Structure formats: C-alpha cells, structure tokens
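The values are calculated or read from the model by the stated rules, or taken from the named source; none is laboratory data. As the structure is a computational prediction, the values presented were derived from the model and not from experiment. Counting neighbours? That spans all protein chains shown, and the Cβs are built from the backbone with ideal geometry, glycine included.
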Amino acid sequence: MHLGPFRMRDKGLALVCALVLASLHAAAQPLPVPNPKNDPIGALIQSQGLDKKQQNIAIVIGLKLEESAQKSRFVVELSDPVEARIFTLSGPNRVVIDLPELLWRVSGDNSRPSGKSAVKSYRYGLFRKGNSRFVIDLNAPVKAEAPRILPPEGGSGFRLVIDLAPATPAEFLAHAGWPKELQQAEAVPRTRLPAGANGRHVVVIDAGHGGVDPGTHGQSGVLEKDLVLAVAKQLRKTLEATGRYRVQLTRDSDVFIPLRERVNIARAARGDLFVSLHADSNDHREIRGASVYTLSEDASDREAAILAEKENMSDVIAGVDLSGENNPVASILIDLAQRDTMNRSLRFAETVIAGLPTATSVQPVKPHRSAGFAVLKAPDIPSALIELGYLTNVRDESEMLTEAWRVKVAKSIAAAIEAHFGDRATSGNRQASVP
Ligand code: ZN
C-alpha cells in the first residue's frame, strides 16, 4: 500500500526498476553494434549496453521540469520520436500522458517540483504491456496543451514538451475526463479460462500494485510491487507442486492492473479463493508484522479504514478514470450469497493468521481486521488481503528481502489454503482409511 508523497524518490525507484529490466535485457542479448560518432544517444545506449534497434523500444534519457508563473513545462528527452496522448482527470486533479512502452533511463535530477507551481509530484512507468504512462499530480488547476515533439538539436535527443498553463477550476473541470476513444480500450479484455480444470481448486493470487503504481517501498529501495510479485510466484510454485490447485495470477509481470480488473480476472478464472498480497508502511517505523484483512462495510478500526483507503488509491495513482464509478469504498451491498462468501473469507483469514507466526512476525494486536477494500469485492469468491509486513520496519524489510522468508511465507499461506479447502484433512482421512 502507499499513500502520499510520490515525489522524486518514486522517480528514483522507478528508475531502479527500469535499470533492473534493462540489465535483464542486456544480459539476454548480444553486445550492440558500435554506433557512429557524434551520436550522443547512440553512445549512451552503447555505454549502457543497450541496443534500441533490438529492443524496438524508445529510451527516455532525460527529464526536466521548468517552472514559472506562466507555465510548468516537462521536457522528456527521447532516443526516438513517440506519439503521446494527454488528458486530465479530476478528483484528485491530475494530468495523464499515455505513451508507447518506453525504457526509462533518466539520469540526473533536474526535475524536483518546487511545490510552488501547479506540479505537486509525478511518476511514470509501465501501465500495461506496450503502454507507458506519465502521471502528474496537481496543486492547482491547469490547461494541458497538446504535447509537442521537437527534433534533436545541439546534442540533445528528440524532446517531448508538455506545457501546463494555469487555468480556473471551472476550466479544468470542463476539460477533465477520459478521452472518448479510450473509454472502451481501458477495459482490457481477458481470456476466459476453463473452470476448475480436472476438479482442481482455482486459487487466484493477486500481487498488489505494479507498473506505474509502485506501492510502498523500503529503505533498501525494494518496491512493494516487486516484493509481492516474488511472493506470489513462490506461492504459485508451492501450490502447484501439490497437484491439487490451478493457480491464476492477476499479474505475473511489472504491469499495472486496475483494482476492478483484478476482481474481473478472478471471476473470469472462476476462482475458488482470492488472495491479495501487499506490504505495509507506517510513519512509526517500529511497527512490524503481518496482518490479514477481509472485506466489510464498516472498517473494524480507524487504521484498517485508512489502509483500505490507501490500497484503493491504486487506480488513482495510475491515472485510471473513476468518474463513472461509485466510490469503491462505499455501497458494498451484502446479500445472502455475499454473506456466505464473507463468512468463508473470515474463516480463511483466521486460518492464515493461525499459521503465519511459524513463518514470519505477525502483528501482536488485532492481526485480523476488516475494511472496504475494492480488490476484495468479488461477491462470490472468498477473498482476503495479506499485508506481509512493514517495509518501513528495518527488521521486517531485511527478512522480506530473503528467499528463505519468501519460501517460508509461501508455505504457510499454502498450508492455510489447503486447510481452507479441507485438502489437508482429506488427505489425512484417506491415509487413516487405508486398510
Ligand atoms: Zn499495497
């Protein structure tokens, strides 16, 4: 989960991810062909072991923010010209720039918002495969001018110029909203999967955040989105090894998935159980330990309510238009079917809590809480959200970075899943009944 300041550190962290991705690419590919002289971009690409021709992805090599009373201007320096689409969203006010998939290799720090202009903070990253996104949070309403691409000049690469001029709140609201042509595209179509193949239970594992939404982060620079994806994959491996489960991940790469879409994936897969994985953060750095959350109309306590609000921010962070939707926290209708689902969710959460202490530290007080988490809203699939620990706690973080911890935690959650489906008891009975 994550709240608030997505400032430069997020930019830096996104860069770390880009570097990790880039180094993976670099490792997998032969050395690039030497580039001609007087080609600063080519030289940079070569020095970084990248070959854009092979990757066929434009590279962002610079980012500058210029602020004045007349306008705020972002200049994004690129290896190749790209098409950009800009639009604004309200509640909270933000500017979204959609781009083709880019490799972010920005070095230097020329772009920290002063806080005095309209730009509050910004972030960028992969929104989904083939699509990068740049999101600017605003202090004040703006008019976003159409992005311009300038050709290379004086040793610079192509430059994408984004100008934001001051506007009145009414002017901002008049233009804010999802572009018509994108309203359909936003709902990513998913393949429907056969239900319960071979009678196996379908477990949906949801690694929180991803892509443009990094979640929270630790002091080592580890990002929640990467940590929870690693645990999700480990849990998949553990469950599949039993031969009793079909596992569906809501994401298996560093890509953003809207919360509603995660629920849709679970339902399309005809999931029997939905487990969302997250890591927590807190200003009180001494707080540590895992906790498990289930859905409820009324939050069990103030902390749970705040946490749900933060986790539900994911769509806002990534620049998803929520204007046509109800507030995800509000109006959770509990009919009889859902009440049954909720009872089973509660029992599953308790089972997880009971097993976790053998694998990791667990919050000593109220480790099981409830609130209005949008991602837990499938009415017919028992669902729980596990906050695996606190990335703001030094001990939690250092443990969470180890493979041994991932293996232990995955084992513990897998055991709870087996108990939930009665598979442990079943296998025990079978053994007992063997003559
Ligand atoms: Zn989270």
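Data for the structure
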read-out	value
Search result, residues across the range 354-384 that are buried (at least 24 other Cβ atoms within 10 Å of the Cβ) and out of contact with any Leu (no Cβ under 6 Å at 6 or more places or on another chain)	356, 370, 371, 384
Pairs where the first residue, in the range 294-315, is assigned by TED's automatic domain parsing to the domain that holds residue 283 and modelled with pLDDT of 85 or more and the second is assigned to a helix (DSSP H, G or I) and of a type in the set (Asp, Glu), C-beta under 9 Å, 6+ apart	none
Some residue of the range 337-353 being buried (at least 19 other Cβ atoms within 10 Å of the Cβ), modelled with pLDDT under 95 and part of a loop (DSSP other than H, G, I, E, B)	no
Contacts under 7 angstrom Cβ, first residue in the range 204-220 being touching a residue at least 60 places away in the same chain (Cβ under 8 Å), partner near the ligand (Cβ under 10 Å from one of its atoms) and hydroxyl-bearing (Ser, Thr, Tyr), 6 or more apart	206/276; 208/276; 209/314; 213/314; 216/281
Enumeration of residues in the range 203-221 that are modelled with pLDDT of 95 or more and either more than 13 Å from the ligand (Cβ to nearest atom) or not assigned by TED's automatic domain parsing to the domain that holds residue 389 (or both)	203, 204, 205
Residues of the range 104-122 classified as at pLDDT 85 or above and assigned to a strand (DSSP E or B), total	4
Matching entry among 301, 280 (being out of contact with any His (no Cβ under 6 Å at 6 or more places or on another chain) and within 14 Å of the ligand (Cβ to nearest atom))	280
Residues of the range 127-156 satisfying the condition of being of a type outside the set (Val, Ile, Thr) and part of a strand (DSSP E or B)	127, 128, 131, 132, 133, 134, 137, 138, 143, 144, 148, 150
Qualifying residue in the range 216-229 (condition: surrounded by fewer than 24 Cβ atoms within 10 Å (Cβ to Cβ) and among the charged types (D, E, K, R))	yes
